[in-house]
Amino acid sequence: MIMHLTRRHFLQTTSLALASAHTHAFATEDPLIESIEKVVVKTPALPKGTWFHPRACMVGKKAFMTTQPIVGSDHFGHVHWTTSDDLGQTWNDFTPVPPLGWEKLPDGMNEAVCDITPEFHPQTGSVLALGHNVFYRDRGFFRDQPPRWPIYAVWKDGAWGPRRKLVWDDPRATEIYSNNCGQRHVLPDGDVLMSFTFGVKGQTRSVCGVRCSFDGDQLLIKQTGNALTKSVGRGLLEPSLTRFGGRFYLTIRAEDRKGYVAVSDDGLHYEPQQPWTWDDGTPLLTNSTQQHWLTHSDGLFLVYTRRDPTNEKVIRWRAPLWVAQVDPKTLRLIRTTERVVLPLIGDGVNAADLVAFNGNFGVCNASPRESWITDGSWCPKTNTGELNLARVKWRKANGLVEG
């Protein structure tokens, strides 16, 4: 018995030491992120509210971005699009996306679209803009939402195609299924990997991997994977996917003051999720806000919000926005690599109601030396904000992006 305990202690101690040495190697290397510069994008004036949900992708050397007005909590206007020919220095007119506006329903309710993420599909030369529907009555957000599902439109050859529903007839998803705000991955054969949050009324939501075919016109589900579950609050929400080092990674919003990470070899069948923690095992405290991936060929990063002494009274700690490198072996964040992406503006302790929220953001690899994090900040009390673009400059060229 003594020998067994001693051996167990030896193995545990050795494992911890190896993990510590592995993480220390990350900390002592030159950081991949050389600098982060916040830019406030000049936007058209709005009669009310501000621009929200800005997300970008690259179409060759042209930047392509979607965004939409926000005028109240979960109250969004028509989706717009814009482009930049000079790597985000200037942006062209913000133009409504014809199929992604409000539609009047027979019962008097309005169906709108929100949470759009555009992504270039190189095999068809098109941009797939995918979000989900949202319902309003009397111009305000309708609390008892009807069933919700993914809505998409395709931009190709300078024109937008029709508004379409991504159909999934699964009895586990009669209340909602969605990839809202989620990052996706295009496979070499043109198939699109993504993830759904889904559920039925009165039960917590689950998350699963999804593989779709896409021909430049229609998006069709081919396969779905195993369900990840969490029975707290609404369950698991707003999953985002990336590929790094031959594996697929999900980061998932939850409602237990944690975020979660899961890994898969095929992007469909995921190992059980585990909570995000720092490299010393302490939890990352984040409060029901999405996270997204910042992916470089030589390193994997997470962008997130979290609790901090400076934001103690800010709702859900929704500012500032942070980034840290991920150890892909341990699935932990390396604390020494953490940096602020977008700073908190104002006083998050004594005047928190005047702090603009971050957190509904997108990530784009704009060039081999630069990636973007785009975020529309919004202060509910004043109904004001700004469209921010954080330029992440890399110390080494990102091999995921063509020069």
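The values are calculated or read from the model by the stated rules, or taken from the named source; none is laboratory data. Note that the coordinates shown come from a computational prediction; the quantities given were computed from them, not determined experimentally. Here Cβ is always computed from backbone atoms with ideal geometry, including for glycine, and neighbour counts include all displayed protein chains. Each accessible area value is taken on the protein alone, full model and side chains, heavy atoms only, with ligands, DNA and RNA left out. Shrake-Rupley method; radii C 1.70, N 1.55, O 1.52, S 1.80 Å.
For the range 120-155, a residue qualifies if it is of a type in the set (D, E, K, R) and within 21 Å of ILE221 (Cβ to Cβ), and exactly one does: ARG148. Evaluating ASP30 against the criteria (1) over 21 Å from THR117 (Cβ atoms); (2) modelled with pLDDT of 95 or more leaves one unmet condition, (2). Please verify whether ILE373 is closer than 26 Å to GLU34 by Cα and touching a residue at least 60 places away in the same chain (Cβ under 8 Å), treating the condition exactly as stated. It is true that ILE373 is closer than 26 Å to GLU34 by Cα and touching a residue at least 60 places away in the same chain (Cβ under 8 Å). Would you pick out the residues in the range 289-331 that are open to solvent by 10 Å² or more (accessible area, probe 1.4 Å), outside any helix (DSSP H, G or I) and either farther than 22 Å from ARG243 by Cα or touching a Gly at 6+ places or on another chain (Cβ under 9 Å) (or both)? Residues satisfying the conditions are SER297, ASP298, ARG306, ARG307, ASP308, GLU312, LYS313, ARG318, GLN325, PRO328. Cβ-Cβ distances below 7 Å connect the following pairs, each with a first residue in the range 175-189 that is within 14 Å of TYR152 (Cβ to Cβ), a second residue that is among the β-branched types (Val, Ile, Thr) and assigned to a strand (DSSP E or B), and a separation of six or more residues or different chains: SER178/THR197; CYS181/THR117; GLY182/THR117; ARG184/VAL192. Taking each residue of the range 332-353 that is over 27 Å from GLN273 (Cβ atoms) and looking for partners that are open to solvent by 40 Å² or more (accessible area, probe 1.4 Å) and among the charged types (D, E, K, R) with beta-carbon atoms closer than 7 Å, six or more apart or interchain, yields GLY348/GLU312; GLY348/LYS313; VAL349/GLU312; VAL349/LYS313; ALA352/LYS313; ASP353/LYS381. Every residue in the range 351-403 that is polar (S, T, N, Q), closer than 20 Å to HIS80 by Cβ and open to solvent by 20 Å² or more (accessible area, probe 1.4 Å), please. Passing the criteria: ASN360, ASN383, THR384. Summed over the range 333-344, the residues that are of a type in the set (Val, Ile, Thr), part of a loop (DSSP other than H, G, I, E, B) and surrounded by fewer than 17 Cβ atoms within 10 Å (Cβ to Cβ) give a count of 0.
Each row is one residue, and each column tells you yes or no for (1) farther than 16 Å from VAL210 by Cβ; (2) touching a Phe, Trp or Tyr at 6+ places or on another chain (Cβ under 9 Å); (3) modelled with pLDDT of 95 or more.
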{"residue": "LEU100", "(1), (2), (3)": "yes, yes, yes"}
{"residue": "VAL113", "(1), (2), (3)": "yes, yes, yes"}
{"residue": "VAL134", "(1), (2), (3)": "yes, yes, yes"}
{"residue": "ARG137", "(1), (2), (3)": "yes, no, no"}
{"residue": "PRO146", "(1), (2), (3)": "yes, yes, yes"}
{"residue": "TRP149", "(1), (2), (3)": "no, yes, yes"}
{"residue": "VAL154", "(1), (2), (3)": "yes, yes, yes"}
{"residue": "ARG163", "(1), (2), (3)": "yes, yes, yes"}
{"residue": "ASP170", "(1), (2), (3)": "no, yes, yes"}
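Taking the range 263-288 as the region of interest, how many residues are without any contact (Cβ under 8 Å) to a residue 40 or more places away in the chain and open to solvent by less than 20 Å² (accessible area, probe 1.4 Å)? Residues meeting the conditions: 1. Quick one: would you say ALA45 is under 19 Å from ASN179 (Cα atoms), free of Cβ contacts under 8 Å to residues at least 40 places away in the same chain and either of a type in the set (A, V, I, L, M, F, W, C) or part of a strand (DSSP E or B) (or both)? No: the conditions fail for ALA45. Of the set (1) assigned to a loop (DSSP other than H, G, I, E, B); (2) without any contact (Cβ under 8 Å) to a residue 60 or more places away in the chain; (3) surrounded by fewer than 16 Cβ atoms within 10 Å (Cβ to Cβ), all apply to ASP217 but (2). If I filter the range 203-221 for residues that are of a type in the set (Phe, Trp, Tyr) and touching a Pro at 6+ places or on another chain (Cβ under 9 Å), do I get at least one hit? No, that holds for no residue. State yes or no: is GLY182 open to solvent by less than 20 Å² (accessible area, probe 1.4 Å) and either in a strand (DSSP E or B) or not hydrophobic (A, V, I, L, M, F, W, C) (or both)? Taking the combined requirement at face value, the residue satisfies it. Please count how many residues of the range 281-311 are among the aliphatic types (A, V, I, L, M) and touching a Phe, Trp or Tyr at 6+ places or on another chain (Cβ under 6 Å). The qualifying residues number 3.
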